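Trainee: Structure in structure tokens, see below.
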């Protein structure tokens with residue numbers, strides 16, 4: 001990771017993109033290098049601009065955020081994606097993380113959590129709030145045999161989730177970080 005974290009913002013609402021830019025530009029270590037109003041534009045700009053981290057909304061017109069994350073994982077695997085959305089739905093969260101996102105934040109998150117999650121993603125780590133981690137673990141534990149095959153959690157993924165949940169209990173900031181291996 002370079003000294004400056006280069007960020008691409010993908011959200012269909014101009015006011016959200018402008019607000020995020022203002023927040024991020026208060027930190028010397030962050031540089032917003034582009035903005036996209038839909039998933040297709042985010043994929044194109046990621047290819048051109050090579051951001052370290054892309055902040056991705058999930059529901060946008062045209063290509064949605066989930067499809068864009070899947071495309072980025074194939075076309076730009078070094079770009080870390082952090083989902084930033086208003087949708088607090090387990091299915092979307094699971095699909096986004098399975099598609100390769102390094103974080104899942106709701107738009108009502110605080111500034112410090114947003115910045116910590118971006119930093120972790122730039123380091124190749126996954127950073128999840130304890131309540132998100134608890135929901136993931138509960139879903140994985142209670143899934144029926146059919147759902148387990150849909151989840152397809154490897155033994156290593158389970159270890160990472162359990163380790164991150166343990167870390168979340170000890171963390172004074174209230175976030176769990178798990179190194180991507």
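Trainee: How far apart, in nanometres, would the label points at residue 98 and residue 14 be if each is projected 7 angstrom from Cα along the Cα-to-Cβ direction?
Mentor: Distance between label points: 3.7 nm.
Trainee: If you don't mind, another one. Set the Förster distance to 35 Å, then compute FRET efficiency between residue 31 and residue 155 from the Cβ-Cβ distance, nearest 0.05.
Mentor: It comes to 0.35.
Read the figures in this text as sums done on the coordinates, not as results from a lab. Everything numeric here is computed off the predicted structure, so don't read it as measured data. Methodologically, a virtual Cβ is constructed for each residue, glycine included, from the backbone with ideal geometry; neighbour enumeration extends over all protein chains shown.
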